[in-house]
Amino acid sequence: MDNQSVTPRIIEIPRVCDPRGNLSFLQRPGCMPFDVKRVYYLYDVPCDSERGGHSHRRLQQVLIAITGAFDVNVDDGTKVTTYHLNRPYQGLYLPSGMWRTLDNFTSGAVCVVLASEIYDEEEYVRDYDEFKSLSKAGRTEAKPENKKKHYPFLDLGLVNQPYKQAIKDAACRVIESGCYIGGPEVEGFEKEIAQLCQVPHAIGVSNGLDALRLILRGYIELGRLRYGDEVIVPGDTYVASVLAISDNGLVPVFADVDINTKNLDAEAVKRVITPRTRAIMPVHLYGRVSWDEELAKIVKENQLLVIEDNAQAIGAKSPIPGLYGTSMTGGLGHAAGMSFYPTKNLGALGDGGIITTHDAELARVVTALRNYGSDRQYHNKYAGLNCRLDPIQAAMMRVKLPYLARDNKHRQAIAKIYNDEIKNAAVLLPSYGGDDCVWHQYVVLVEDRDGFRKYLLDNGVETGVHYPRAPFDQPCYEEYADADCPNATRICVECVSLPINSSMTEDDAHEIAAIVNSYATR
Ligand SMILES: Cc1ncc(COP(=O)(O)O)c(C=O)c1O
């Protein structure tokens with residue numbers, strides 16, 4: 001028998017991948033750390049249920065999410081670490097003397113437990129105070145593990161894995177319904193998103209760019225915007241924000257961003273306002289709310305339309321209410337466009353988008369515009385487009401939506417670990433707030449970006465760059481190349497995105513922070 005390890009750890013279970021289906025196995029010698037005397041499993045666990053709440057004097061365990069996902073919160077007497085289990089080829093090894101609770105079970109999740117002892121009530125510690133005193137008496141320092149690990153930037157297969165069966169069921173439901181355009185799944189999803197964004201209207205569309213495009217077009221149809229009007233947009237954003245403006249014959253005017261929040265800087269906005277400015281597009285970039293007292297004041301004084309680009313911040317909450325008194329992104333201004341591109345916090349398995357608005361008139365116009373401009377069948381009030389949300393995508397996202405708040409909390413926990421633990425003078429961290437950021441990306445600034453990325457990759461950490469080129473620096477926008485946005489330019493040159501997603505663990509974040517700290521400039 002092996003000496004018992006004192007630290008919980010994730011065990012990679014070998015996989016044999018085969019087109020007929022995969023096979024995983026635990027064996028000794030091999031990855032199985034003890035001889036198994038008992039196997040049991042938990043299933044049909046209600047999502048809001050908590051299991052566990054004890055520790056063991058002798059018994060060791062390996063827990064595996066055979067299907068679905070759940071969290072295991074492990075208390076070693078000094079700190080609690082949460083492990084998110086969601087892969088049949090990974091197990092959590094729990095030595096004795098660890099207080100554990102299991103929660104956040106997804107529907108259909110099955111947890112298999114392999115144990116080193118047969119059941120013996122004497123061996124359980126069910127009183128937390130007793131556990132604390134035992135763990136204090138027997139505490140041993142954890143030995144650091146010295147193995148090379150790979151930290152993917154984002155593995156969409158893993159992100160969707162916990163929902164795989166439910167997603168397939170949802171798609172089959174649509175296939176069997178015979179309703180392939182619009183219908184109850186789209187309508188149900190629209191209601192759920194409207195509720196989340198605290199708005200009366202949500203209109204499903206084909207993608208995030210079309211959502212923004214249709215909002216601006218809708219305001220043109222309503223006479224509230226005219227071709228040639230100026231729309232303020234941040235210098236640091238994904239190019240789609242700007243494409244929506246120029247596509248409608250409106251003029252994008254770039255305002256610089258704040259170097260910490262990476263969002264619109266109110267002073268910079270004031271500098272670019274002209275008598276032709278009619279609208280502003282705050283982009284909640286990287287998941288952080290772009291709305292504050294100063295911006296609200298500028299909007300009111302200049303009677304601007306506010307079109308939020310909410311592609312990256314679904315579920316974020318503004319510290320101050322928006323124009324209609326609500327505080328969730330997507331409901332802060334007159335209208336908002338959201339994207340369900342697969343990498344987003346709520347990602348479709350293809351393209352998808354939605355318009356959210358407090359404005360009933362706009363809702364009516366964009367509902368027609370997304371459907372050839374028809375206000376009723378075979379009657380085209382507007383020369384519209386075909387920009388509808390696919391019901392299969394709506395049905396699949398309805399499976400994931402109930403877990404969005406939990407996933408956003410997980411992103412916040414990872415960002416907090418990075419912010420608390422990364423201490424490296426070469427790495428400028430983003431500021432950490434609270435619910436105002438759902439951390440679509442965690443972006444740091446590093447002067448020697450290439451050197452830093454290479455160092456991280458050599459140590460197993462994949463990173464991203466969002467974005468390497470400002471929109472005003474793109475070949476298609478040559479006429480805006482002289483935009484005065486020094487912070488946006490600096491961000492494009494120095495930005496590096498660290499992994500942050502629902503399928504990584506908090507342990508991964510601690511380890512990545514340590515790797516970042518070991519980076520030294522030459
Ligand atoms: C800030 C921003 N705006 C707009 C979009 C466009 O969304 P989509 O890719 O769904 O068209 C994206 C997404 O890629 C984005 O990140």
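Nothing in this text is a laboratory measurement; each read-out follows from the coordinates by a stated rule. None of these values were measured; they are calculated from a predicted model. Neighbour counts run over all protein chains shown; Cβ positions are idealised from the backbone, glycine included.
State which stretch of the chain is the longest one without any exposed chymotrypsin sites (Phe, Trp or Tyr not before Pro), exposure meaning a DSSP loop state and at most 10 other Cβ atoms within 10 Å. The reported range is 1-226.
For the pair K164 and T78 in one chain, pulling the backbone fully straight at 0.36 nm per residue adds 27.4 nm over the alpha carbon distance. Each residue of the stretch 471-484 was assigned a 3J(HN,Hα) from its phi angle through the Karplus curve 6.51 cos²θ - 1.76 cosθ + 1.60 (θ = phi - 60°); the sequence is x, 6, 9, 7, x, 6, 10, 3, 5, 10, 4, 9, 3, 8 Hz, with glycine and proline shown as x. For the peptides 302-314, 194-206, residues were scored by their other Cβ atoms within 10 Å and the scores averaged per peptide; the highest-first order is 302-314, 194-206. Electrostatic bookkeeping for K400 treats Lys and Arg as +1 and Asp and Glu as -1; over the other residues with beta carbon under 12 Å from its beta carbon, the sum is +2. Dividing the Cα radius of gyration of the chain by its Kirkwood radius returns 1.02 for Rg/Rh. Using the Cβ of P234 as centre and a radius below 11 Å, the other residues enclosed give a net charge of -4, where K and R count +1 and D and E count -1.
Dividing the helix sum by the residues of the chain, where each DSSP H run of 4 or more adds -39500 (n - 2.57), gives a mean residue ellipticity at 222 nm of -9000 deg cm²/dmol. Extension gain, E123 to C172, is 12.9 nm, computed as 0.36 nm per intervening residue step minus the present C-alpha separation. Model label points for L23 and Y432, set 7 angstrom from Cα along the Cα-to-Cβ axis, are 4.6 nm apart. For the stretch 9-147, lysine pairs separated by 8 or more sequence positions, or belonging to different chains, with Cα-Cα distances below 28 Å total 7. A dipole drawn for the chain from +1 and -1 charges on Cβ atoms has a positive end, and of S133, A171, P95 the residue lying farthest that way is A171.
Using a cutoff of 8 angstrom between alpha carbon atoms and counting only pairs six or more residues apart, the relative contact order for the chain works out to 15 percent. In units of the rule-of-thumb radius 2.2 N^0.38 Å, the stretch 9-147 shows an alpha carbon radius of gyration of 1.07. A straight Cα-to-Cα reach below 29 Å connects K262 with the lysines K270, K297, K300, K317, K344, K400, K409, K416, K423, K454, residues fewer than 8 places away in its own chain not being considered. Sequence-distant contacts, meaning Cα pairs under 8 Å at least 6 residues apart, place the relative contact order of the stretch 9-147 at 32 percent. Note down the net charge around C387, summing +1 for each Lys or Arg and -1 for each Asp or Glu among other residues with Cβ under 9 Å from its Cβ. So the surrounding residues net to +2. Amide H to amide H distances under 5 Å link H56 with G97, M98, V125, where only residues 5 or more positions off or on other chains count and H is placed in the peptide plane.
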